[in-house]
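What follows is a single structure, written as structure tokens, with notes after it.
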Amino acid sequence: MNKTELIEHIAKQADISKAAATRALEALIGGVRTTLKKGGSVSLVGFGTFAVTKRAARSGRNPRTGDAIKIKAAKVPKFRPGKALKEALN
């Protein structure tokens, strides 16, 4: 499912226009993004938790040349599924 299909699904399930569904989805994504940028986490009970973790700096190899390179430390988003989501899939 891509973003357009998700918007169509939201519009149909909530009985709202596609424009309203688009605004709602964009607001959700924006809220999650803003919270994660601030270092917080977003928990949706029954669905899961979005959080930020830190990836340490490390050394790697350039696959083209084989030269050793340094990879900078980075903050990466993580998603941990909730119990209800896991149960729904199994």
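The values are calculated or read from the model by the stated rules, or taken from the named source; none is laboratory data. Worth saying up front: this structure is predicted, and the values here are computed from it rather than measured. Cβ: placed from backbone, ideal geometry, glycine included. Neighbour counts: every protein chain shown. Accessible surface is based on the protein model in full, side chains and every heavy atom, while ligands, DNA and RNA are left aside. Shrake-Rupley method; radii C 1.70, N 1.55, O 1.52, S 1.80 Å.
Scanning segment 1-22 for residues that are part of a helix (DSSP H, G or I), open to solvent by 70 Å² or more (accessible area, probe 1.4 Å), touching a helix residue (DSSP H, G or I) at 6+ places or on another chain (Cβ under 8 Å) and closer than 21 Å to residue 85 by Cβ gives a single hit, 3. The single residue among 34, 49 that is part of a strand (DSSP E or B) and modelled with pLDDT of 95 or more turns out to be 49. Here residue 59 meets each of (1) open to solvent by less than 70 Å² (accessible area, probe 1.4 Å); (2) touching a residue at least 12 places away in the same chain (Cβ under 8 Å) with one exception, condition (1). Taken together, 59, 41 contain a single residue that is more than 17 Å from the chain's Cα centre (by Cα) and of a type in the set (S, T, N, Q), which is 59.
Per this entry, residue 76 is not counted among residues that are touching a strand residue (DSSP E or B) at 6+ places or on another chain (Cβ under 7 Å), open to solvent by less than 60 Å² (accessible area, probe 1.4 Å), without any contact (Cβ under 8 Å) to a residue 40 or more places away in the chain and in a helix (DSSP H, G or I).
Cβ-Cβ distances below 6 Å connect no pair with a first residue in segment 23-43 that is open to solvent by 50 Å² or more (accessible area, probe 1.4 Å), a second residue that is at pLDDT below 95 and in a helix (DSSP H, G or I), and a separation of six or more residues or different chains.
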